[in-house]
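Take a look at the structure below.
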Amino acid sequence: MACTAEKLAELSLAGDEDWAAGVPNLQKNLRILSAEEIGLAKMLLHEGQKHLFEHWPEPGVGDEGKKSFFDQISRLNSSYPGGLVSYIENAKRLLTDSKAGKNPYDGFTPSVPSGEVLTFADDNFIMLEEAGIKEARKAAFVLVAGGLGERLGYKGIKLALPVETTTGRCFIQHYIETILAMQEASCRLAEGQCQVEIPLVIMTSDDTHAPTLKLLESNNYFGMKSTQVTLLKQEKVACLADNDARLALDPNDKYKIQTKPHGHGDVHALLYSSGVLNIWQRAGIRWVLFFQDTNGLLFKAIPASLGVSSTKGYHVNSLAVPRKAKEAIGGITKLTHADGRSMVINVEYNQLDPLLRASGHADGDVNCETGFSPFPGNINQLILELDPYIEELRRTKGAISEFVNPKYTDSTKTSFKSSTRLECMMQDYPKSLSPLARVGFTVMDTWLAYAPVKNNPEDAAKIPKGNPYHSATSGEMAIYRANSRILKKAGVRIADPIIDVFNGQEVEVWSRITWSPKWALTFNDVKRKLKDECSVSQRSTLVLNGQNVFLDNLSLDGTLIVNSIDEAEVRLMGSVQNKGWSLEHVDHKDNSIPEEIRIRGFKIQKVEQLELNYVEAGNFSFKP
Ligand SMILES: O=c1ccn([C@@H]2O[C@H](COP(=O)(O)OP(=O)(O)O[C@H]3O[C@H](CO)[C@H](O)[C@H](O)[C@H]3O)[C@@H](O)[C@H]2O)c(=O)[nH]1
């Protein structure tokens, strides 16, 4: 039952005058409540929530608090598919299962699914990248960015963190500029008229909404039209105090329910209820691409994986990378039920080990002979085909299978250490799909596709060597490594990396090479920009910021920065040598250094560089 305003008013008028008799402190206050509030109160009593009113004083005392209590209840009711009744009923069921130790995958046997495994730069990869760029004009992007990033502990929003500190471009800037470059490249490929604006939705939360909006507004949406960007704010859900799903009151405010985030799975209900999906459908959009807040490599994997979706006709395509056992990313798993049902789904990292142990794999989540878990690691980049997605959401209203993770005080599992809540994950969307849905996945190399920034320096330093740190240090180094490897594959002589330790993490340090998305989106773009033999030394920094910059027999040992407008065609030739930029070690505890720098463990010392700026149209050659 979804408790709409009409339904609540109806409830309030329904006979049975004594409905509040069991809660005298509520009954005394009925005369100050509106019809809608009475409807909500009835619903709460019906759902076993009378404790919420037991401390209420006489009418006239704390009436404002009572009103704000119902305002909050009304918000909690309307922001959950099916309303608070459904929330509480779902919570009771999941808490009972959790107490009984019921395995959500009971009856299912896990096995390794088969999917598309891509090899960077081979003919198939190049073909898929071209197909993906062509499809991009029919894509919409959805960035889930409501998370607080508790594990990273950074004070600001993660979208404002620099992807790398050579240019200092932040995550949201990088994402927007790449989407704009894809929009332009895709339109170029479409013969005839093409005036597409690829839409971007950003899911925020109370924790991230205001700073995200401020970041966008104060930077002119990083070049995107403000009308192209839609912010959808997710609401938190009510906390649960005990196994009977009694809602938890805030210890500091007896008229307030404690709330916590419901998880990134909210994105589906929000997209559905906001109506944007229908707008997109009418505009001819075919693909919805979901992504997370801090993966600076992600867009290197997007063209080819969108190509996979379009050539394979996948309704759901999850991006994956080889996974190290116990790594904090879910495993993509085929689950086959005793009754014959089967699905390919993400099994979250904390559930994979118990599931494997319970189904005859005594060692649980371990690496196989390849040195990796046999289950590909889900990086939570999903590509959904819009038409079947809308059809499914019309059925489910965007509700996603939920879970609860209470921390019990002891083995009797009768009370919790602190209140809990229901949670949901966006990658669980395929769980409710019919077996006929075409659900697939695409595996790419980690160095190309996945380098999130999730862990603070202390925790990252504790991660055993060889396992990914997922820190600001590794996230930035991964950008340089990927760009160096891509150029190397395209024929540039790139020096081998050195090993260094920053904030207790041992990493490979490659030449600091970065390019703007306009310079290259695909491997073919990169190859087109390289003429004749080029080389870059390990201590070098190269920043390419412009659409038509060509490296032609360039040899770099130092720092070279090139900025050029689209109408300028620039050829870089000869040998550039200077003192360049070096990496200076800094400690993450050194408060004299800005937080976004010290969490990396290094800062860039800009000693000497050559900076070239081309601001007029024309053909230019540079040779020192
Ligand atoms: O209520 C929330 C919680 C999170 N997020 C957003 O969701 C994304 C993912 O959040 P986390 O980084 O905290 O996610 P986890 O590391 O817990 O795990 C998720 O990301 C991993 C890959 O990075 C794996 O794919 C894993 O299976 C998946 O659940 C972030 O962009 C975050 O901002 C929200 O929008 N709202």
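Points worth noting:
- Of the residues Val347, Ser318, Thr336, the one whose Cα sits farthest towards the positive end of the charge dipole of the range 311-355 is Ser318 (charges of +1 on Lys and Arg Cβ, -1 on Asp and Glu Cβ, taken about the Cα centre).
- Placing +1 on the Cβ of every Lys and Arg and -1 on the Cβ of every Asp and Glu, with nothing else charged, gives the range 118-169 a dipole about its Cα centre of roughly 440 debye.
- For Phe416, distant residues with modelled amide H under 5 Å away: Thr409
- Taking amide hydrogens as placed 1.01 Å from N in the peptide plane, the amide H of Ser555 sits under 5 Å from those of Ser535, Gly574, Ser575, Val576, each at least 5 positions away in sequence or on another chain.
- Distant-in-sequence amide H partners of Leu612 (H built 1.01 Å from N, under 5 Å): Ile561, Val562, Asn563
- Residue-span extension gain [Asn613 to Ser434] - 0.36 nm each, minus C-alpha spacing: 58.9 nm
- About the centre of its Cα atoms, the range 326-430 shows a dipole size close to 420 debye [charges on the beta carbon of Lys, Arg (+1) and Asp, Glu (-1) only; nearest 20 debye].
- Solvent-accessible surface (1.4 angstrom probe) belonging to His209, in square angstrom, nearest 10: 50
- For the chain, calculated [θ]222 nm from helices alone, where every DSSP H run of n ≥ 4 adds -39500 (n - 2.57): -9000 deg cm²/dmol
- Shown in residue order for the range 166-175 are the 3J(HN,Hα) couplings computed by the Karplus curve 6.51 cos²θ - 1.76 cosθ + 1.60 at θ = phi - 60°: 5, 9, x, 5, 8, 4, 5, 5, 4, 5 Hz (x for Gly and Pro).
- Here's the picture: charge each Lys and Arg Cβ at +1 and each Asp and Glu Cβ at -1 in the chain, and of Ser186, Gln281, Gln538 the one pushed furthest to the positive end of that dipole is Gln538.
- Relative to the longest principal axis of the Cα atoms of the chain, the long axis of helix 472-489 makes an angle of roughly 40 degrees.
- Rough spin-label spacing in nm, given labels placed 7 Å along Cα→Cβ, for Glu508 and Glu533: 2.3
- Remark: the chain carries a charge dipole of roughly 460 debye about the Cα centre, counting +1 on each Lys and Arg Cβ and -1 on each Asp and Glu Cβ.
- Residue-by-residue Karplus 3J(HN,Hα) for the range 359-373, coefficients 6.51, -1.76, 1.60, Hz, glycine and proline x: 10, x, 9, 4, 8, x, 7, 10, 6, 9, 5, 6, x, 10, 5
- Of the residues Glu476, Glu402, Glu616, ranked by 1.4 Å probe accessible area with the largest first, the sequence reads Glu616, Glu402, Glu476.
The values are calculated or read from the model by the stated rules, or taken from the named source; none is laboratory data. From a predicted model like this one, the values you see are computed outputs, not experimental measurements. Note that we place each Cβ from the backbone using ideal geometry, even for glycine, and neighbour counts take in every protein chain shown. Areas reflect the complete protein model, heavy atoms only, side chains present, ligands, DNA and RNA absent. Shrake-Rupley method; radii C 1.70, N 1.55, O 1.52, S 1.80 Å.
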